[in-house]
Each structure stands twice: as C-alpha cells, then as structure tokens.
Amino acid sequence: MFSGLRGFFKALIPDCTIFQFLAYCIKTILKEEKRIDRGKLGLIGYSFGGYATNFIITQICIFKTAVSGFGSGDIINSYFSYNEIFTSPNYFLFENGQFNLGSFKENKELFLLNSPILFAHQIKTPLLGFAGKEDRNVEWKLQQEFFIALLRFRKPHISFFTKMELMAFQRRKIR
C-alpha cells in the first residue's frame, strides 16, 4: 500500500522517493539518447498529472519549464471539495482513489507533505497553468490558489482560466 506521490515509488522501489526515481529515469534516458538536449527538458501534466507536475517542481529543479492543466495545488482544500461529475465529495479520491492517502483525520502529515501549495516558495521552474471555470471535475479555484501563491512568492509563472470547460479538450453535446 502506498500513500500519495511520496509513497507511490517507495512501494515500487523501497527507500526511493519519487524525485530520486524521476532523476534516475531522466539520467538513464539522457545517457542512452544523446540527441536530447538536457537543458531543454520540460514537464507536462493534466488533471492528476497536473497535480503531480505542481508537486514535482516544488521539490526538484531539472526542467526548463513545466505545464500544469487542471492540477490541484492544494490537496487539503480539494479533499474537502465537492465533485459535480461524481456527485459526491472529493474525499473518496484521496482515501481510496488516485491519491490513496487515507482519511485526512488519520493522515494529516501525509496531506501536508503532498500538498504543492505548502512548498510553492521553493519553485524555480517556470510554470504555465490552465483551467476552465466551468469544469465540474477539478475546481478551477484550486489551480487559481496555487498560482496566487506563486505570484506572492514571485515565482515565474503564467496562468489562464477560460470560461468554458476544457477538461475533455472537446465540446460535448448535452442531450
């Protein structure tokens, strides 16, 4: 059983953090692929991957830039939010879903250790972020709060928030 991004790789490789694993993977690829310019590596994530991008760049600085779409920057706020797509509170995603952190009441420390907004002051990687104000899955304000933190800490970033939902990258017909 693992908990959050920090615990995921410990389950795969004991005594290894996600950051050590990521650095190892990148070094291995760069060693094999001489055509890759190590000074131009980027990181992109969308939805849960957007959260992961936000979190990873708070911990390591090996990317020239990063892009985060619909990524939560504050998982504590997200835990206590309502998900209109699933018509239920979001805590199920954190307790038994992608995050697998268990309950906030019993695992506050894990939530604190895995919440990007608490480490925003450490970011050195320029970040582009986006969200749709009509998205019903990932509340756009969770992305907005993270970018306000970056603004406060004078970190390089650009963010934009569209009026429409972009989560599916397509326009859906409502029947």
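Since every read-out is calculated from the coordinates, none of them should be taken as a lab result. Quick caveat, the model's predicted, so the values are computed rather than measured. Every residue, glycine as well, gets a Cβ built from its backbone with ideal geometry; the counts of neighbours run over all protein chains shown.
Please compute P(r) over all alpha-carbon pairs of the stretch 35-171, binned at 10 Å starting from zero, and give each bin as a whole-number percent.
13, 44, 33, 10, 1
Which one, Phe111, Thr125, Tyr79, projects farthest toward the positive side of the charge dipole computed for the stretch 42-162 from Cβ point charges (K/R +1, D/E -1)?
Highest projection toward the positive end goes to Thr125.
Out of the DSSP beta bridges found with both residues in the stretch 34-175, what percent are antiparallel (nearest 5)?
10
List the residues whose amide H sits under 5 Å from the amide H of His157, counting only those 5 or more places along or on another chain, with H placed 1.01 Å from N in the peptide plane.
Those lying under 5 Å, H to H, from His157 are Leu127.
Checking the table Lys108/Lys155; Lys108/Lys141; Lys141/Lys163; Lys40/Lys124 against a 19 Å threshold on Cα-Cα, which pairs fail?
In this structure, Lys108/Lys155; Lys108/Lys141 lie more than 19 Å apart at Cα.
If each residue of separation counts as 0.36 nm, what is the full-extension length gain between Ile44 and Ile62 once their alpha-carbon separation is subtracted?
Roughly 5.2 nm would be gained on extension.
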